[in-house]
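Below: one structure, written as structure tokens.
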Amino acid sequence: MDATLLGVALGLCLGLGLLVVYAAFRGRAAPRTAPRRRLVPDQIALRITAAALGAAVLGLATGWPVLALAGAVAGWQIPQMVTRRQAERQHMQRAVGLIEFIELLADMLEGSGQGLEAVVRSAAQVAPRSVRRETEILAAELGGRVSMAEALAAFAGVMADPICDQLVMAFRLGESEQLGRVLRSVAAGGRAEVDLRRRVDASRSGVLWTGRMIIGLTIAIALLLAVVDRTYVAPYATPGGQLLLL
């Protein structure tokens, strides 16, 4: 027992030392400027339910308080991971829809001979479904008392995408003969950026999938041993073993 506690103490000291070194090299983090997302009651209820379920499953299967705590943490984080993944996919779909909307604007500017505001209102009616709501709001604001600059600034704030920022910069050219060509250039650059995002996302997904597979297999084997052959993992049932596992 003395050797076990000594090993645990040395391991904690080593981990604390590495953490201090990392913090020294990383430096002070920049202050957050964007407001943090607040959880809605439904999300809180879902995460609390998942945390309670994870704690109950691992706690009852092993009888180890540390694994019950780990199950609660995992249950709290998994819904957020799923929601984040869905948000990333939705953001990608909106980027693609925005590019198609820009190409539509370029075609209508070159072929219809209408003014910029009229083209935006017409294009909003047939915009891709992923951005139709935002474009319809933009068209409604242009039809009211809101100026073009204010409407475009609000549209860019809602979209929150650098491709939309480039679209707003292009609109500042006004009724220029080169506007259609500029919009096509923005659309081409946006497609290249979306392709880059997809490649980065694919590489990240491979790394994340490998890490999750390793963690999942480790947890599955540990649970199997804890249920089938408790003699192999019996040392972890002691207070020193729980501290080491923690």
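The values are calculated or read from the model by the stated rules, or taken from the named source; none is laboratory data. Note that this is a predicted model, so its numbers are computed, not measured. Every residue, glycine among them, receives a Cβ derived from its backbone with ideal geometry; neighbour counts consider all protein chains shown. These accessible areas exclude ligands, DNA and RNA; they are computed on the full protein's heavy atoms, side chains included. Shrake-Rupley method; radii C 1.70, N 1.55, O 1.52, S 1.80 Å.
Side notes on the structure shown:
- Positive-end residue of A124, A87, I137, charge dipole of the range 70-147 with Cβ unit charges: A87
- Counting 0.36 nm for each residue step from V194 to T210 and taking away their Cα separation leaves a gain of 3.3 nm.
- Over the range 56-198, accessible surface divided per residue gives 54 Å², non-protein components excluded, 1.4 Å probe.
- Overall form of the range 120-181 per C-alpha gyration tensor (a/c, 1.5; a/b vs b/c): rounded
- Using Cβ point charges alone (K and R +1, D and E -1), the dipole size of the range 91-148 about the Cα centre works out to roughly 260 debye.
- Net dipole in debye of the range 102-231 [+1 Lys, Arg Cβ; -1 Asp, Glu Cβ; about Cα centre; nearest 20]: 580 debye
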